[in-house]
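Here's the structure, in structure tokens; my notes come after.
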Amino acid sequence: MPDESPQRVALITGASRGIGRAIALRLAALGRHAVLVSRKRGPLTEVQSQIHDAGGCATVLPVDISDPAAWRDALDGAIHDLGRLDILVNNAGVTRDGLVMRMTDDDFESVLRTNLTSAFIACRSAARAMMKHRFGRIVNIASTSGVVGNAGQANYAASKAGLIGLTKSLARELGAKRITANVVAPGFIQTDMTANLGEAVRDRVLGAMAVPRLGTPDDIAAAVAYISSEEAGFLTGQVLCVDGGLTMC
């Protein structure tokens, strides 16, 4: 039988700002012990303080997830110290945009290392911990770019498409252990990553959407809250595009 622990442990990468911060705050408000991951301790402690002030529980884990050895060691250490990991949200991501003809090998590989390889490392460690308690929710934050592609983002789109394939494979491997794996694919969300959209681009995007507004980090956090819940045990291997109807996928 699955372990019905009164408090689930949820680890969120990229938790210091934007979508990751919103997810961490939402899960902590739902009673999860939030493990906050990002490179810099300072911004993480600000999120931790906000969670504690609201009566929640949070731990900070400052680490560079683009360093595979450091990320693996920090993650395994945190799981060992906490004794479990029930929810994993791979949210951290970077962009190094450019047309393919001008994109360097490092531009391509560094984005995949942060966006995809780090998620693989986390999923592998998380799956081992989740299997011990026969419960787990893996939520990978991709992008609509990984679903439909995007000019000037071959590296980013490839990393997010790879994340979708990784998630579907995990869903097939882990379902019998009561562990689900799903993708949330945000569209255009109000974050630092979209802050510099030109007016022409913004108007074109809004004109293509069924819900003509940019999304918010809370829109994504709400989706993650459901997918990572106890009630979502029959939902796995799916890609939920939270994009105002931009892709209709």
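The values are calculated or read from the model by the stated rules, or taken from the named source; none is laboratory data. Since the structure is predicted, the reported quantities are computational estimates derived from the model, not experimental observations. All Cβ positions, even for glycine, are placed from backbone atoms using ideal geometry, and neighbour counts span all protein chains on display.
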Go over the candidates Thr114, Thr104 one by one and state the one that is of a type outside the set (A, V, I, L, M, F, W, C), under 14 Å from the mean Cα position of the chain (by Cα) and modelled with pLDDT of 95 or more.
Thr114
If you check Val47, Val9, Val37, which single one turns out to be β-branched (Val, Ile, Thr) and farther than 27 Å from Gly175 by Cβ?
Val47
Looking at the range 76-96, I want the residues that are over 20 Å from Arg26 (Cα atoms) and have a partner that is of a type in the set (A, V, I, L, M) and assigned to a loop (DSSP other than H, G, I, E, B) with Cβ atoms under 7 Å, at least 6 apart or on another chain. Which pairs are those?
Ile79/Leu85
Going by the structure shown, is Ala195 modelled with pLDDT of 95 or more, among the aliphatic types (A, V, I, L, M) and closer than 29 Å to Ala10 by Cα?
no
Of the criteria (1) part of a loop (DSSP other than H, G, I, E, B); (2) over 24 Å from Phe135 (Cβ atoms), which one Leu206 fails:
(1)
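For the range 39-89: of the residues being of a type in the set (Asp, Glu) and within 17 Å of Arg128 (Cα to Cα), which is farthest from the chain's Cα centre (by Cα)?
Ranking the candidates gives Asp81 first.
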Look through Ala119, Ala126, Ala92 and report the one residue that is within 23 Å of Ser228 (Cα to Cα), at pLDDT 95 or above, within 15 Å of the chain's Cα centre (by Cα) and assigned to a loop (DSSP other than H, G, I, E, B).
Ala92
Can you name every one of the strands (runs of 3 or more DSSP E) wholly within the range 1-63 that holds 2 or more residues which are more than 22 Å from Asp218 (Cβ to Cβ)?
57-62
Candidates Leu206, Leu197, Leu214, filtered to the one that is surrounded by fewer than 17 Cβ atoms within 10 Å (Cβ to Cβ) and closer than 20 Å to Lys160 by Cβ
Leu197
Matching option when the condition is at pLDDT 95 or above, touching a strand residue (DSSP E or B) at 6+ places or on another chain (Cβ under 7 Å), within 22 Å of Asn182 (Cα to Cα) and among the aliphatic types (A, V, I, L, M), among Ala22, Ala29, Ala10, Ala78
Ala10
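Condition check ((1) of a type in the set (A, V, I, L, M, F, W, C); (2) at negative phi; (3) buried (at least 23 other Cβ atoms within 10 Å of the Cβ)) across all residues:
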| residue | (1), (2), (3) |
| --- | --- |
| Gly20 | no, yes, yes |
| Ile23 | yes, yes, yes |
| Ala29 | yes, yes, no |
| Lys40 | no, yes, no |
| Ala58 | yes, yes, yes |
| Thr95 | no, yes, no |
| Met101 | yes, yes, no |
| Ser110 | no, yes, no |
Every pair of residues 6+ apart whose Cβ atoms lie under 6 Å, when the first sits in the range 145-161 and is part of a helix (DSSP H, G or I) while the second is of a type in the set (S, T, N, Q) and buried (at least 24 other Cβ atoms within 10 Å of the Cβ)
Ser159/Asn115; Lys160/Ser143
Look at the range 97-127 and say how many of its residues are without any contact (Cβ under 8 Å) to a residue 40 or more places away in the chain and not acidic (Asp, Glu).
4
Within the range 112-138, can you find the residues that are surrounded by fewer than 19 Cβ atoms within 10 Å (Cβ to Cβ) and aromatic (Phe, Trp, Tyr)?
Phe120
